[in-house]
């Protein structure tokens, strides 16, 4: 579980970023945002190398960091999430995930963190919402294509907030593409995890 901990992209990560970049190569991006984690900045740079247009400056935002997992950061997901599930009386994380909302699970992680440093849902969403509001407020009512390179759990939380219909239990693929449309103060999920 990386969370706020950082590491460079693996060779496989670089290859999937190139492929995603090729899919986005004909889209002119007016603005580009990433979390302030090196791995998202590196992913954005690789994606944009495939683009045929002039590339705007990458704007790094703490608001788009991955969820902070507290003392679970650096632990194998199976071990950390297994502990969280067991603390809630479940045999597996998947079983717990089927029975609880993202909000509840985020709060369970904080509760199970021995030092309770992990973000709870309120902390996570306030940070994320502030970042999204900053991005859309810079639009000045223009039609724009904005690229946001962020993390799996952040994508999952954004999608769940704006679409009840999508299955957020699926694994978020590295360098997958999710499209949101923002019109008249409303977000609409156009595609997810493609």
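The values are calculated or read from the model by the stated rules, or taken from the named source; none is laboratory data. Predicted model, so just to flag it, every value in this text is computed and none were measured. Positions of Cβ are backbone-derived with ideal geometry, glycine not excepted, and every protein chain shown enters the neighbour counts.
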Going through 40, 34 one at a time, which residue ends up being in contact with a helix residue (DSSP H, G or I) (Cβ under 7 Å, 6 or more places away or on another chain) and either at pLDDT below 95 or under 30 Å from residue 138 (Cα atoms) (or both)? 34
Can you list the strands (runs of 3 or more DSSP E) found entirely within region 101-194 that contain at least 1 residues being surrounded by fewer than 17 Cβ atoms within 10 Å (Cβ to Cβ) and out of contact with any helix residue (DSSP H, G or I) (no Cβ under 8 Å at 6 or more places or on another chain)? 179-183, 186-191
Within the group 68, 29, which residue is outside any helix (DSSP H, G or I) and within 17 Å of residue 175 (Cα to Cα)? 29
Among the residues of region 139-174, how many are closer than 25 Å to residue 98 by Cα and within 16 Å of the chain's Cα centre (by Cα)? 23
What are the residue pairs meeting all of these: first residue in region 29-45, first residue without any contact (Cβ under 8 Å) to a residue 24 or more places away in the chain, second residue crowded, with 20+ Cβ neighbours inside 10 Å and outside any strand (DSSP E or B), Cβ atoms under 9 Å, and 6 or more apart or on different chains? 45/17
I'd like the residue in region 71-100 that is more than 19 Å from residue 6 (Cα to Cα) and not in a helix (DSSP H, G or I) and, out of all such residues, is nearest to the chain's Cα centre (by Cα). 100
Please count how many residues of region 5-26 are surrounded by 14 or more Cβ atoms within 10 Å (Cβ to Cβ) and not in a helix (DSSP H, G or I). 4
Please count how many residues of region 54-69 are farther than 25 Å from residue 129 by Cβ and at pLDDT 95 or above. 0
